[in-house]
Amino acid sequence: MNNMINLLNIQKQIDKKKEYIEYNGKKIKMPFKGYFNDQRMVKTTNPWSGESVFLPRFAQDVYHKIKNAELHQDYKVMRKGLDWFQKHFIDEYFVLLD
C-alpha cells in the first residue's frame, strides 16, 4: 500500500511540474496538462497563408491542440489555447491563428 501511495505522490509531482514551463527567464503556466519542457525551436506553418514562424516545441504542441479542438468543434479548449497564445506568443499568434 505504501508503494502505491508513493507512486501517486510522484505522479502528482510530475503532473504539477508539467503545468509550468521555464522559458526565456519566465515561468509560463501551460493551458493544458501533460507537456514536456521541450524548447527546441521548430518551424510551424499556417496552412492557409503559407507563412511560417519558429516556436519552441511546447508551444507548437499547444498550436496543434488548438487546431485539433477546432476540427472537433471543442470551442472551450480552442479558446483556452488561443488565449494562452495571445498572452505568450502574440507575434506568432497573428501569423498562425489570427
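The values are calculated or read from the model by the stated rules, or taken from the named source; none is laboratory data. Please read these numbers as outputs of a predicted model, since none were measured by experiment. Using ideal geometry, Cβ is built from the backbone for each residue, glycine included, and neighbour counts are taken over all protein chains shown. Surface areas here come from the heavy atoms of the whole protein model, side chains and all, with no ligands, DNA or RNA. Shrake-Rupley method; radii C 1.70, N 1.55, O 1.52, S 1.80 Å.
The table for this structure:
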| item | result |
| --- | --- |
| Yes/no for Glu51 being of a type in the set (D, E, K, R) and farther than 20 Å from Asp98 by Cα | no |
| Of all residues making up the range 6-65, the number that are modelled with pLDDT under 85, assigned to a loop (DSSP other than H, G, I, E, B) and loosely packed, with under 12 Cβ neighbours inside 10 Å | 2 |
| Of all residues in the range 66-91 being over 22 Å from Gly25 (Cα atoms) and in contact (Cβ under 8 Å) with a residue 40 or more places away in the chain, the one that is most open to solvent (accessible area, probe 1.4 Å) | Lys80 |
